[in-house]
Protein chains: 2
Amino acid sequence: MTQTGNGGPSPSPTFGDRLSTAVAERESQIVLGIDPDPAKLWPAAIDRTSEARARLALTFSDAEEAAGEQPPRPGVVARLETAAAVLAHCRAMIDAVAPAVVAVKPQLACFERLGAPGWLALEHITSYAREQGLLVLADGKRGDVPVTAAAYGQALVASTPSPFGHVDGLGADAFTANPLLGRDSLEPLVQAAREHGAGVFVLVRTSNPGAADILDAQLATGERLWEHLARLVDELGQAGPAGLKDIGAVTGATEPEHLQRLRELMPHTPFLLPGIGAQGGDIASVAPAFAPGRAAGLVTASRSIANAHEATGATPSDAARAEAERLREQAWGLA
Amino acid sequence: MTQTGNGGPSPSPTFGDRLSTAVAERESQIVLGIDPDPAKLWPAAIDRTSEARARLALTFSDAEEAAGEQPPRPGVVARLETAAAVLAHCRAMIDAVAPAVVAVKPQLACFERLGAPGWLALEHITSYAREQGLLVLADGKRGDVPVTAAAYGQALVASTPSPFGHVDGLGADAFTANPLLGRDSLEPLVQAAREHGAGVFVLVRTSNPGAADILDAQLATGERLWEHLARLVDELGQAGPAGLKDIGAVTGATEPEHLQRLRELMPHTPFLLPGIGAQGGDIASVAPAFAPGRAAGLVTASRSIANAHEATGATPSDAARAEAERLREQAWGLA
């Protein structure tokens, strides 16, 4: 904590300020979505499974004292190998595209399906991305009653007191959240994030066709549900000196006609824009997101980067880097 | 798979049928909520941390080959100890109350906040509860776009193909889901569950005060949002011979005046009723849930069981057993 001119401690930077700085320094608004599919890993990553497995194993080295007393459960070896290959794949992706992106967005479901070793791989990837100077946006779309929301806050950005000392959470810079259970379910998430200079991206309008079923429902007030959610998100956020709020919104880019209205309702909110590339969005259509400044619109791409080599014939890492750089230039040029 | 009279294979039992059978056999509609707080573990569980730690460590015994090359990361020991103590605590709770309950409902947030060792503890608790003949309802309230929803299905009830073989998921009997993203976000969850004889409990009306903000919003059609969600859940479910559907609803028991209406809209849907005990609900008020039969209403209690000893002075396990049995008798007597 640094000292300000009047002698008091200056507050830690808010997530909005951190995001603004990171986007300016890296000259990128692109977020690498990390949604690893074990059936589509880069071949070189599979070759490096043994090396990655050693990384995973080391964290559990305390286990050796108890080892050998009974055989591993069926499937334990397969999932350790898979988690290791996924870790190698994600590290290779980060190495390839780091110069073109400002953040990574690991999809928690893709790690949870590999059980405890998958969560361990997620932790390694989070640390690795942060070491490369990238922000980490944990994409789990969590939402629950307040006491449980507080536990999710501990899991993602804070820590948990225990008789054995504090247990650190994932240490993400921000995470996605689901607002269905109302304001009191979001408040513990916002509080945990804010105390750690982290952010929350709340679902407002997603990019899947089914979003029309609920999020587009018209309310008796005349508003659509997503407009009601947008007002809530705008109220929850607080801006630092850079002017960008610390509570963001997930705003699907496949419905660009909504973006203008979303920006009206949330003039200082960072937008997380999925739906580019494999989900069919067009980067030029998201320009309204950038109205308050470049850092106000983060453009996410996952499969279009990870699988770019399938179309081009280049190596996976060269193709991924080229695609990320292409997106970066396009988005940067819109401002 | 057994053979039917006409020579074809009989289908595996649906979750609705499995639930009906389990409730009848165990004469209980009570679900033990497992929301372990590391700061409030039963003292005897902390004493058994070493034993539980060996259980956790064994699964990672493959790790020994790589052990010793570098020191554990800071905090790794604290979280291993904490996860082990949580495991011992949860096993002791299951031992104490198994005779009085039909299922356990682990709260995923409480394990995620302990990182990879926490997820490993969750896996052990899931296996242990199933060994005791209990159903396991994984409470994570997941919801995401279809491709990610499919990954959550793999994580909770199915498995994930990989170059190293199939990676088994958690193996839950059912899980909770969030419907905000619409029907197409629920369908992959329903499909994964149904293929494995498992169930999904979809959030319809929760028990927190903030549920009024969104779930009670009145739509232009005159319905409230939760009524709209109830219709969707009713459509998604399929009933087996026992008549109970395989897709359930989370219906907060702190608003009992809603239960009659919910039952009208979902006449054959199992209801998961949180809000008893610590959250303030009254068990007699949930009678409408049981109209289609005893298995149609599952009564969840978490802190009121785990912390029962604080009021009575009995040992934690005796107090928990007595409280669970008290709830069981009350609920069973309502039918």
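The values are calculated or read from the model by the stated rules, or taken from the named source; none is laboratory data. As the structure is a prediction and not an experimental result, all values here were calculated from the model. All Cβ positions, glycine included, derive from the backbone under ideal geometry; neighbour counts span all protein chains shown. Surface areas here come from the heavy atoms of the whole protein model, side chains and all, with no ligands, DNA or RNA. Shrake-Rupley method; radii C 1.70, N 1.55, O 1.52, S 1.80 Å.
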Review point. How would A:GLU112, A:GLU264 line up by accessible area, probe 1.4 Å, largest first?
Key: A:GLU264, A:GLU112
Check your understanding: Among A:GLN260, A:GLN107, A:GLN154, which one shows the biggest mean-square fluctuation in a GNM of chain A, springs joining Cα atoms closer than 10 Å?
Key -> A:GLN260
Study note, to complete from the structure: Taking chain B and counting helices only, DSSP H stretches of n ≥ 4 at -39,500 (n - 2.57) each over all residues, the nearest-500 ellipticity at 222 nm comes to -12500 deg cm²/dmol
Practice item. Evaluate the Debye formula for the protein assembly as shown with equal point scatterers sitting on the alpha carbons, no solvent, and hand back log10 of I(q)/I(0) at q = 0.05, 0.06 Å⁻¹, in q order, two decimals. Key: -0.22, -0.32
Review point. How big a patch of accessible area, both sides summed and in Å² to the nearest 100, lies buried between B and A at a 1.4 Å probe?
Key: 7700 Å²
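Residues of chain B: accessible area per residue at 1.4 Å, in Å²?
Working: 11490 Å² over 335 residues.
Dividing the accessible area of chain B by its residue count gives 34 Å².
Below 8 Å, C-alpha to C-alpha, sequence gap of six or more: please give me the relative contact order for chain B in percent.
19 percent
For chain B, what is the Kirkwood hydrodynamic radius in Å, using each pair of distinct C-alpha atoms?
Details: mean 1/r = 0.0483 Å⁻¹.
After inverting the mean inverse Cα-Cα distance, the result is 20.7 Å.
So which DSSP H runs in chain B come out at 27 Å plus along the axis (Cα) with average Kyte-Doolittle of at least 1.0? Before the final figure, lay out the partial values.
On the way: long enough: B:76-97 (32 Å, 1.18).
Those that clear 27 Å and a mean of 1.0 are B:76-97.
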Exercise for review: Determine the shielding of peptide A:214-224 by partner chains: average, over its residues, the number of Cβ atoms on other chains within 10 angstrom of each Cβ.
Suggested key: 4
Exercise for review: Set Lys and Arg Cβ to +1 and Asp and Glu Cβ to -1, take the dipole of the protein assembly as shown about its Cα centre, and tell me which of A:LEU137, A:GLY16, A:PHE164 lies farthest positive.
Suggested key: A:GLY16
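With 21 Å as the limit, write out which pairs from A:LYS141/B:LYS245; A:LYS40/B:LYS141; A:LYS105/A:LYS141; A:LYS40/A:LYS141 have Cα-Cα distances beyond it, or answer none. The partial results should precede the final answer.
On the way: A:LYS141/B:LYS245 27 Å; A:LYS40/B:LYS141 28 Å; A:LYS105/A:LYS141 12 Å; A:LYS40/A:LYS141 24 Å.
Over 21 Å apart, Cα to Cα: A:LYS141/B:LYS245; A:LYS40/B:LYS141; A:LYS40/A:LYS141.
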Review point. From the label point of B:GLY333, set 7 Å along Cα to the beta carbon, how far off in nm is each other copy's matching point, shortest first?
Key: 7.6
Exercise for review: Sum up the charges of everything whose Cβ sits under 12 Å from the Cβ of B:THR221, counting Lys and Arg as +1 and Asp and Glu as -1, but leave B:THR221 out.
Suggested key: 0
Check your understanding: Around A:GLU264, with a cut-off of 12 angstrom between Cβ atoms, what is the net charge of the other residues, counting Lys and Arg +1 and Asp and Glu -1?
Key -> +1
Practice item. Shortest first and in nm with one decimal, please list how far the A:PRO209 label point sits from its counterparts in the other copies (point 7 Å along Cα→Cβ). Key: 4.2
Practice item. Indicate, rounded to the nearest 5 percent, the antiparallel portion of the DSSP beta bridges found entirely in the protein assembly as shown. Key: 15 percent
